Structures are given as structure tokens and as C-alpha cells.
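**Q** Take this structure, written in C-alpha cells, and hold onto it; I'll ask about it next.
The values are calculated or read from the model by the stated rules, or taken from the named source; none is laboratory data. For clarity, every value in this text was computed on a predicted model and none was experimentally measured. Neighbour counts run over all protein chains shown; Cβ positions are idealised from the backbone, glycine included. Surface areas here come from the heavy atoms of the whole protein model, side chains and all, with no ligands, DNA or RNA. Shrake-Rupley method; radii C 1.70, N 1.55, O 1.52, S 1.80 Å.
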Amino acid sequence: MISIIPKPSECKQKDGFFTCQGALTVKSDFMLELLKCERSENSTLVIIKESSLSEEGYTLDVTKDKIEIKAADETGAYYALQSLRQLCRFELGESKIPCCHIEDKPRFKWRGLHLDESRHFFGKEEVKRFLDNMFMMKLNVFHWHLTDDQGWRIEIKKYPLLTEKGSVREYTQINGWQSTDVVNERYEGFYTQDDIREIVEYAGKRGIMVVPEIDFPAHSASAIAGYPWLACRELFRDVPGYFGSKIPVLKLKMRDWNRPVCPGKDTTIDFIFDIIDEVCELFPAPYFHIGGDEAPKDEWKKCPCCQQRIKDNNLKNEEDLQGWLNNQILEHLKSKGKRLIGWNEILKAGNLDKSVVVQYWTPKRDKNAERFVNNGGSMIMSNHHSFYFDMPYGQYPLKYTYDYKPEKFGVNNKNVSNILGVEGENWTEWTDSREMLDCRLHPRMEALAEVAWTEDGNKDWQDFISRLNEFKPFFEKLDINYAVDSISMPKGIGGAVNRTKRQKMFYKGDTHLEVKLNKKFKAQGEK
Ligand code: ACM
Ligand code: ZN
């Protein structure tokens, strides 16, 4: 049986098998330096450059005595090899490949996966593994969330306190949003600029573009910890270890967990531009994510500098002040050939330049976002319901990811072409280890890959499930702690009860419940 995730556009099985005798050798028009096969003129694996094929697309023909790949670019050739990898299963001990003809190309250009390393820091080796797994699924955008209130994780040479102070917190909230419990341990970590270059290069070799996210104006408490003059009021505060929400705020008067910078001061604008200048040197991607979500306006309302800025620029209110700031940043990025990406709240500003890229995430439907995309705006779809992989499966089972359709979130059918693509989000407030990250991410990432790659009419849930079962030996081989079926897709009445219970327990503070149950079920032999 031919079993590949994400499902190829066309796939015809033929009679017979190619049987591998000894190691494969390759003859290729592309460099393919990651391919470890020996090169030889008389090879059974032949890779041909065929310019008429589409970007990232390929054909793959397996006959009894030959494997032939055609692609227009190196990424397409690599993707053919990824399909071949799932087809041949040599690394799982098999030696026969069914003869077949495959034609394949992606549905969306933007097939993204995000990782928040502010809340928990995973480090270079884990990120490389994350990229390897993306590569296998033909995902091609790594959205790297490098700064947030709870930690600044990228070295900036002009502002050393961003990492000296901003990458360290003295405690970390545990047991969920409503809890005041903390672990009183120093938590730290950041990437040097050399580390960043290494990751960007590693990703690039796998056809993956790395898009940095550096948050302004809000989610900036770790920057303000190093440079208090960035805020409207110069308060000296350490990096917060609370992730927000009502309980810490009401019980502990912890109002400083999500502090915005002050857009009224020219020094703030200079600071932002300086950071952008350094970051842009490290990331060749033509995009720059500035966050822009959840920006509280209460300090701006009381700040003389912010109010003066509003007056000087005839702005309507504080939302438009954020719009004004975004427009400044956008122009600065434009001069470097880059587009600004922001979360959909940035559309609250009436004066925002429409050349921004908006990433739609909010659990609540947003009329502004839907109007934007239906009027030609560029959008990345990360709707909570399907693509927030930090949420328990009890809340969002696997099928919510697989069944994703942009039309369900207000994108008119004729405007789907305005969508750059889709992206899965891995926020890490309650994801503090590789084991947790794996369990929440797999097999959601495989479902995301199929949404991103495979034409909608070619998708089929039952067919995906049977291919997923065929894929599970790869999870084992690659040491990926995937969620078993009774976690990722609880079935029947018992399943519905379990789902509700697990969701409830998550919000009551048992944030690790599903990963604990997963371990137990796996030990009992579940797949
Ligand atoms: C977000 O989850 N606040 C973008
Ligand atoms: Zn201010």
C-alpha cells in the first residue's frame, strides 16, 4: 500500500516492486548535500531538474529497476525524497518499494509551525529536531517566537541587558492560569547571534524559512526589565514568572506581566529600529513578525508622551497610536525589503497600512480580520480552534485540525487565494519539556501538514487515519512521543466524557494530565 503524509496530489500504484539490493546510489542534477547516498553515473536513483514543474513540486516514478525523480528546484527534489522515505520504509527494516507514479505539489505557500521559546526554552538541538520533523512533513516556515514577557531569548549586541537581565526569571508559575503556585528556581536561556545563524542555515538547507517574532509594543516586560525607560512609567521590575490571567493580577496585584513599551518617546522608536536592524541581519526571510497582540492601553492613556504623540499626529485614540507605531515599523522594514506580520488585533487601528500581513488567531471571530482578507489583505490562518496545539486534545481533538477550512472562519471562497497559508502554534506556558511538546504536537503536526499541502478535495479523514497508523513506526523510530488515539481522538460516549473531563482538569490546573495519561496508555500497549 502507498501511504504518504501529507497525501500527494496524484498517486497510482502499479504492478510489482523495486527491490533494493545493497545501498542505493544516486545520480542527481541537484547538489542535495543532505542526501547521504553515494554518487554514481549508473545509479538506480536518478534525480532530474525539470523546469516546467511547479515550485516545490515533483514527480516520482518507481519501476522494477529504477527510481526516477523530477523537480524544478532542490526543495522539490528533497520533498520527493521525503515521500520516497515514507514509501520505502528502509529505515524501518523493509527492502521493497511498490512500483508507482506520483505527481505532487503544495496547496499553500506558507506551511508554518511556531515555537514559543520565551515561556520555556528548548535550545539548539531541540530546535534542529523540530526542523527535521517539519522537513519530513514538507512544512516550510518556522515562526520563531523569541521574545515575550517571561524571557528575551536573542542576543542583541547594542542592548546587552536584554539577555543579561531579560533572559532570566527567578520563578515560574505552575498549575495553570488560575493558580498562584510557582517554582522558585532561576530559569534562563538565550541564543547568541552565532546560534541564530546556525539555526537559520540548518533550516534553509531543509527548505525552511525562519521568521523571527520580536514583540512590540506589548509582551515586552522582559525588555523593560533591562531598560525601564522603554515604558511609560519607569518602574524597576524583574522579568515576570507569571503568565498572566486574573488570579495573579487580583490576588497578588501582579499587573506588570504584560507591559507595553511607550510609543510616545522617540527613544523607544530608536530602540525598536536598532533591534530590527540587528535581527534583520540574521534572518534573510522577507517577513518580520512584531506580535502586536494583547496590547493594554491603560498606561498610554495616562502618559503625557503618548498623549502628545496622539495630538501631534491627529490620531483618534490609543488604538490608532498602535497603528501609528506599526506604520513606522512597517516603513522601516519596507526599506529593508521586508513585510510586517502582526496578530489580528493590529487591525483594531483604523489607520494601519494595508500592506501588513495579518495572522488570524483569536478564539473569537474577528470581523476586522475577515473584512481585511476579503478585501485583498494577506493573511496567515492560525485559528485557535484548529491550530492552537498548546490546548488539550480534550478541547480541540485531532479532527479539528484535520477538518480546517478557511471558509469556516469567514474567508469567502473566492478570497482563499489571499491566504498565504496555515500555521500551527506551540505556546509553551504549560509545555515545559520535549515530552510535553511532542505529545501536544504529534499527530497534530501531521494533520496540519495535510491541510497545508493537500488540496481540500483530495483530503479524507478515514484515509488520513489509516496512513497515520502506517506512520506510527516512524514516530517510534524517531523517538517522537506522539499522542495515542484515545488521547488525540477520544471516541464514543466514553470518549466524549473523557474529553470534557480532560478539558476541565486542564483549566483547573492539571496542565500535564494528557501527557501523563498518554504515558500510561502507551505502557498498556495502546497506539
Ligand atoms: C496569541 O496567542 N496571543 C497570539
Ligand atoms: Zn507612553
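**Q** Once each part is reduced to its C-alpha centroid, what is the distance from the stretch 504-527 to the stretch 50-122 in angstrom?
**A** If we compute the Cα centre of each part, the gap is 33 Å.
**Q** Per residue of the chain, what 222 nm ellipticity follows from adding -39500 (n - 2.57) for every DSSP H run with n ≥ 4, rounded to the nearest 500?
**A** About -10500 deg cm²/dmol.
**Q** Return the long-range amide H neighbours of Q359 (sequence gap of 5 or more, or a different chain), with a cut-off of under 5 Å between placed amide H atoms.
**A** Amide H neighbours of Q359: G342, W343, N344, I380.
**Q** At what distance in nm do the modelled label points of Q13 and D181 sit from each other, each positioned 7 Å from its Cα along Cα→Cβ?
**A** Taking the simple label geometry, Q13 and D181 are separated by 5.0 nm.
**Q** For C20 and N469 in the same chain, what is the full-extension length gain: residue separation times 0.36 nm, less their Cα-Cα distance, in nm?
**A** Here the segment from C20 to N469 would lengthen by 159.2 nm.
**Q** Quick one: compute the contact order of the stretch 406-514, relative version, from alpha carbon pairs under 8 angstrom and 6+ residues apart, as a percent.
**A** 26
**Q** First measure r as the distance between the Cβ atoms of N314 and K124, then evaluate 1/(1 + (r/R0)^6) with R0 = 41 Å and state the FRET efficiency to the nearest 0.05.
**A** Once rounded, the FRET efficiency stands at 0.30.
**Q** Using the charge dipole of the chain (Lys, Arg: +1 at Cβ; Asp, Glu: -1 at Cβ; taken about the Cα centre), state which of I5, T19, L161 has its Cα farthest towards the positive end.
**A** I5
**Q** A further question follows. Per residue, how much accessible area does the chain show when a 1.4 Å probe rolls over the protein heavy atoms, in square angstrom?
**A** Accessible area per residue: 41 Å².
**Q** Leaving out ligands, DNA and RNA, what percent of the accessible area of the chain is carbon and sulfur, probe 1.4 Å?
**A** 50
**Q** Please enumerate, by chain and number, the aspartates and glutamates with C-alpha under 17 Å from the C-alpha of K508, excluding those fewer than 8 residues away in the same chain.
**A** Within the straight-line limit of under 17 Å, K508 reaches these aspartates and glutamates: D181, D390, E429.
**Q** Taking 0.36 nm per intervening residue step and subtracting the Cα-Cα distance, what contour gain separates E331 from D277 on full extension?
**A** Gain on stretching E331 to D277: 18.2 nm.
**Q** Just report the Cα centroid separation between the stretch 323-382 and the stretch 383-432, whole Å.
**A** Between the Cα centre of the stretch 323-382 and that of the stretch 383-432, the gap is 18 Å.
**Q** Rounded to the nearest 0.05, what FRET efficiency do E188 and V497 have when you use their Cβ-Cβ distance and R0 = 45 Å?
**A** Efficiency at R0 = 45 Å is approximately 0.60.
**Q** With a 1.4 Å probe and all protein chains kept in place, how much accessible area does M1 have, in Å² rounded to the nearest 10?
**A** 140
**Q** Under a 5 Å amide H to amide H cut-off, with H placed in plane at 1.01 Å, what residues pair with T25 once short-range neighbours are removed?
**A** Amide H to amide H, under 5 Å and 5 or more residues apart or across chains, T25 pairs with T44, L45.
**Q** Loop-only check: which chymotrypsin sites (Phe, Trp or Tyr not before Pro) in the stretch 201-271 are DSSP coil with at most 15 other Cβ within 10 angstrom?
**A** F236
**Q** Hey, another quick one. Using DSSP H assignments, which helices in the chain have an axial alpha-carbon span of 20 Å or above and a mean Kyte-Doolittle hydropathy of 0.0 or higher?
**A** In the chain, the long hydrophobic H runs are 266-282.
**Q** What cysteines in the chain have no other cysteine with a beta carbon less than 4.7 Å from their beta carbon?
**A** So far as the 4.7 Å Cβ criterion goes, C11, C20, C37, C88, C99, C100, C280, C305, C439 stand without a partner in the chain.
**Q** Could you give the length gained by full extension between K508 and Q524, i.e. 0.36 nm per residue of separation minus their alpha carbon distance, to one decimal place?
**A** 3.1 nm
**Q** Additional query: Going down the table (K96/K205; K64/K472; K124/K158; K205/K408; K205/K516), which pairs top 31 Å between alpha carbons?
**A** Table pairs above 31 Å Cα-Cα are K205/K408; K205/K516.
**Q** Just to be sure I understand the model, the point goes 7 Å from the Cα along the line to the Cβ. What's the resulting E294 to R85 distance in nm?
**A** Taking the two extended label points, one gets 3.4 nm.
**Q** When the Karplus curve 6.51 cos²θ - 1.76 cosθ + 1.60 is applied with θ = phi - 60°, which whole-Hz ³J(HN,Hα) does each residue of the stretch 156-168 get, with x for Gly and Pro?
**A** Once rounded to whole Hz, the list reads 10, 5, 6, 10, x, 5, 4, 9, 4, 9, x, 9, 10.
**Q** Let me have the relative contact order for the chain, percent, based on Cα pairs under 8 Å that are six or more residues apart.
**A** 14
**Q** Determine which lysines satisfy two conditions relative to K165: a Cα distance under 16 Å, and not lying fewer than 8 residues away in the same chain.
**A** Partners found: K157.
**Q** Right, next: Is any residue of the stretch 141-171 close enough, with backbone N under 19 Å, to a label point placed 7 angstrom from the Cα of S54 along the Cα-Cβ axis, and if so, which?
**A** Correct set: 141.
**Q** Evaluate E = 1/(1 + (r/R0)^6) for H101 and E33, where r is the Cβ-Cβ distance and R0 equals 41 Å; express this FRET efficiency to the nearest 0.05.
**A** Calculated transfer efficiency: 0.90.
**Q** A further question on this structure: State the antiparallel share, in %, of DSSP beta bridges confined to the chain, rounding to the nearest 5.
**A** 35
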